[in-house]
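One structure is given here, and the rest of the page talks about it.
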């Protein structure tokens, strides 16, 4: 069943912490994090719940993956967050470790007169050519051929992309590079790339808002942002050749193909096999120091995400994210114990 009809109660899309609930007690732990906008709705929802049930107050700033990586490198927050996994070399150089929290899905959102949710069909190759500036009108013959039942206007296509360093962009362009050799050779993959066409906006929030307000716009956002803003998503053709809608079943089908044996938990779920798989699914990551200066702060970060692993799956599902398998959660806890040390002693002892 498509969960778009759920009444979502995620945090506001603009702003940072959503602490909610009762006032903090003297015994309540406080932690700070910054980074990816992709998982912001679920992190804020977890923060709201953990404040009362785990006595942990989280202030999470949704500022983009690039900023999150920079802030944890500079140790200005207790943890950074990024949708783009850091390389093993970069992690080693900065004495950091990363671990996944949930998986999420990117969708293409459009603002086209007469087109409603999930009516339009697009392919990865078409999406790449739109962002390359090669397909410029919504009644382009290639789009019309895929959508014989739609009356498509001659409206100019207005691509919208992330203006900030973004893990969401990393996931999006990873997909475009996987399906379009021209994109791979001319633009490539990164958290910030030079888009040949379109207009930039900051954050998933900014892309969602721009597409909502500009006739003819197309953008890419985490699925929760499309749902919360009641934006029009499209079907996308997957690797097996089937057009699929962005549904929980399609996301889960893709997630089942994840290979978690990759170094530093950097599993790749882009354009996986499967007749019902959604083609753009990705884990999102937390980055923490392996040598924290404050053992209590570090322990409270792990306590928060341990709480989320145990109690946050339904909250994640309600926001259309995909929880991690329990085997991955156990592997993360073991990595905490093995890697995060103060004075040679493990910070995480399971509590």
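Treating the angle as unsigned and between 0 and 90°, give the value, to the nearest 10°, between the Cα long axis of helix 203-213 and the longest Cα principal axis of the chain. That works out to roughly 30 degrees.
Sorting the segments 152-162, 275-285 by their residues' average number of neighbouring beta-carbon atoms within 10 angstrom, most packed first, yields 275-285, 152-162. One decimal place: the segment residue 154-residue 331 gains 58.5 nm when fully extended, by the rule 0.36 nm per residue minus the C-alpha distance. Exposure proxy ranking for 210, 32, based on other Cβ atoms within 10 angstrom of each Cβ and starting from the fewest, stands as 32, 210. For segment 106-281, the relative contact order comes to 29 percent (Cα pairs under 8 Å, sequence separation of at least 6).
Compared with the dominant Cα axis of the chain, that is its longest principal axis, helix 326-339 is turned about 50°. Normalised by the number of residues in segment 14-156, the mean separation of alpha-carbon contacts (under 8 Å, six or more apart) gives a relative contact order of 19 percent.
For the chain, take the longest principal axis of its alpha carbons; what is the angle in degrees between that and the long axis of helix 40-53, to the nearest 10 within 0 to 90? That works out to roughly 30 degrees. Quick one: Cα centre-to-centre distance for segment 94-153 and segment 239-271, in angstrom? Centre-to-centre (Cα) distance: 18 Å.
Could you give the distance between the Cα centres of segment 330-346 and segment 23-74, to the whole Å? About 21 Å separates the Cα centre of segment 330-346 from the one of segment 23-74. Once the chain from residue 137 to residue 296 is taken as fully extended at 0.36 nm per residue, the excess over their C-alpha distance is 51.7 nm.
Taking each DSSP H run with n ≥ 4 as -39500 (n - 2.57) and averaging over every residue of the chain yields -10500 deg cm²/dmol at 222 nm. I'd like the antiparallel share, as a percent to the nearest 5, of DSSP beta bridges with both residues in the chain. The answer is about 60 percent antiparallel. Using a Förster distance of 30 Å, how high is the FRET efficiency between residue 59 and residue 214, based on the Cβ-Cβ distance and rounded to 0.05? My answer for the efficiency is 0.40. Take every Cα pair under 8 Å in segment 193-255 that's 6+ residues apart, average their separations, divide by the length, and report that relative contact order as a whole percent. Relative contact order comes out at 19 percent.
Readers should treat all values here as calculations from the given coordinates under stated rules, not as data from a laboratory. Everything numeric here is computed off the predicted structure, so don't read it as measured data. In this analysis, Cβ positions are derived from the backbone assuming ideal geometry, glycine residues included, and neighbour counts consider all displayed protein chains.
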